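The values are calculated or read from the model by the stated rules, or taken from the named source; none is laboratory data. Quick caveat: nothing in here was measured; it's all calculated off a predicted structure. All Cβ positions, glycine included, derive from the backbone under ideal geometry; neighbour counts span all protein chains shown. Ligands, DNA and RNA are excluded from the accessible area calculation, which covers all protein heavy atoms including side chains. Shrake-Rupley method; radii C 1.70, N 1.55, O 1.52, S 1.80 Å.
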Amino acid sequence: GLAKLLKAPARNAVKLPDSISFEDAAPIGCGVTTAVHAAGLAAVVKGEWAAVYGVNGVGFGLIQLLKHRGLSVIAITRSEARRAKALELGAHVAIDSTDASSVAAAVRAATGGEGA
């Protein structure tokens, strides 16, 4: 069955903004909290470019988080459907990584040579 209560270390908790209800937050799960942790480790800065290589559960959450934090986001994946979804979720650019040797050049082209 489903437990009504859960005990976990405080360091594993993520504070919800007042604007998000528990019901709306329930499906966030591990993928999004992993994205939050990754963005924290990367020390992302508003106005910078960020590349999300591998657009899946974590990647989709990371795209939205980075966009929300004011970064320009490049989604990189082989799947056409995932590239389309990444753009729908806020990525500025979606790069096909089927030919991995072309990804770095595509990122430089998308960022005016700046890179991500």
List the lysines whose Cα lies under 17 Å from the Cα of Lys46, skipping any in the same chain that are fewer than 8 positions away.
Lys67
Sequence-distant lysines (8 or more away, or on other chains) whose Cα lies within less than 24 Å of Lys4:
Lys15
Which one, (1) 11, 20, 15, 11, 9, 8, 7, 7, 5, 3, 1, 0; (2) 12, 42, 34, 12, 0; (3) 13, 40, 30, 13, 4, 0, gives P(r) over Cα pairs in 10 Å bins from 0, in percent as derived from the coordinates shown?
(3)
Using modelled amide H (1.01 Å from N, peptide plane; none on Pro or chain starts), what sits under 5 Å from the amide H of Glu48, excluding residues fewer than 5 places away?
Ser72
Note down the net charge around Thr77, summing +1 for each Lys or Arg and -1 for each Asp or Glu among other residues with Cβ under 12 Å from its Cβ.
+2
Heavy-atom surface of the chain, accessible at 1.4 Å and reported per residue (Å²):
68 Å²
Hey, any idea what % of the chain's accessible area is carbon plus sulfur with a 1.4 Å probe?
57 percent
Helix hunt in the chain: which complete DSSP H runs extend at least 15 Å axially by C-alpha with mean Kyte-Doolittle at least -1.0?
29-42, 57-68
Viscosity 0.692 mPa s, 37 °C: Kirkwood-radius Stokes-Einstein D of segment 58-116 over Cα pairs, µm²/s:
286 µm²/s
Label-point gap, in nm, between Ala105 and Glu48 - each point 7 angstrom along Cα→Cβ
2.7 nm
Ordered by number, the trypsin sites (Lys or Arg not before Pro) in segment 1-57 that occupy a DSSP loop and have at most 10 other Cβ atoms within 10 Å are Lys4, Lys7, Lys15, Lys46
